[in-house]
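Written out below as structure tokens is the structure these notes cover.
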Amino acid sequence: MTTEEKHKHSLDPTRWVKEHGDYLFSYALSRISKKEVAEDLVQESLLSAYQARDKFRGGSSERTWLISILKRKVIDYYRKQSRNPESLTDPFMIPFHQGGAADGTWISEHAPASWDEEILQDDEGVLMEVLQYCISLLAPKMAATFSMKTLDDISTEDICKELGISESNLWVLLHRARLQLRECVENKWFKEL
Amino acid sequence: MMNEKTKIWMNKAMHSVMLSCDRATFFITKKEYVKLSCKENLQLKMHLMGCKLCRSFNEQNAILSEKIETLKHDSPPAELSSEKKVEIQETLDKTI
């Protein structure tokens, strides 16, 4: 055996669930927010990984390899979700006046309130939970665009290709996602404490 | 006193420079991902000078971006239920 071969990583499918199950599930849940879907994606990923085990070259660790397969599954899930005809009519409450003299200005009950500095510093953990919860409420197409662009740093071009949307559409979806997230965090975190 | 023509011209000029809050928050979102053009940047700065609500949106959006950055690198630890682990293991065993 050469030195190079000795340093290569190997696979042990019998230990995947035990050793990487929770890690893979945490990743999936951080991207999908729906427990059952996240579980199923982990299962599908491990089965696909097993079927593709001959393609593993050992250049990366077993875990990195499994995560790369799961990432692909997550993107496939986003794609399916956002191509669902229902997502064409995703409800979205625009927080601005439409038409008239006040066109494009904030509707007062949806406008940003000031966020309490003290709460901000003391309850960071809670804020993270609220944020994740609010991300899970985004409509499928918005969620997919937002996660791919913000959490996975996928290029605009690739996102548009995967989701079948135009670039201007992508920016509109990101804008809406941010408007909705901000308002959701404010309502769930500052006002309900 | 301004004559009518000057007024119309001024109005047009204002509209080409001034953003609505809707448009301003669009640019605020966009700048979290890409660099704005000089014109967009200038328009946004001018809007923010006069609009407290959009200044709040700008600050809060930056806070959210910072938190999302944390979320990106450390997925909060979660555990796969033991039932699901057994199920996945059994499915894998069948294949192996």
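Before moving on, here are some points about what is shown:
- Peptide A:25-32 is shielded by partner chain Cβ atoms: per residue, an average of 5 of them sit within 10 Å of its Cβ.
- Only Lys, Arg (+1) and Asp, Glu (-1) charged, at Cβ; the range A:51-149 dipole about Cα centre in debye: 1360
- What you get for chain A, charging only the Cβ of Lys and Arg (+1) and of Asp and Glu (-1), is a dipole of about 1000 debye around the Cα centre.
- Net charge of the neighbourhood of residue B:41, taken over other residues with C-beta under 12 Å away and scored Lys/Arg +1, Asp/Glu -1, is +4.
- Percent RCO, i.e. relative contact order, over the range A:78-145, from Cα pairs under 8 Å lying at least 6 residues apart: 45
- Residues whose placed amide H lies under 5 Å from that of residue A:96, excluding near-sequence neighbours: A:107
- Inter-chain Cβ neighbour average for residues B:69-77, partner chain, 10 Å: 5
- Most positive-pole-ward Cα, A:61, A:125, A:50, against dipole of the range A:24-180 from beta carbon charges: A:50
- Cysteines (scope the protein assembly as shown) whose Cβ has no counterpart Cys Cβ under 4.7 Å: A:160, B:21, B:38
- Selected from A:60, A:82, A:30 as most flexible by GNM, with chain A as the system and alpha-carbon contacts under 10 Å: A:60
- The packing ranking of peptides A:127-134, B:71-78, highest mean first, is A:127-134, B:71-78, where packing means the average number of other beta carbon atoms within 10 angstrom of each residue.
The numbers here are math on the coordinates, done by the rules we state, and not lab data. Note that the coordinates shown come from a computational prediction; the quantities given were computed from them, not determined experimentally. Cβ: placed from backbone, ideal geometry, glycine included. Neighbour counts: every protein chain shown.
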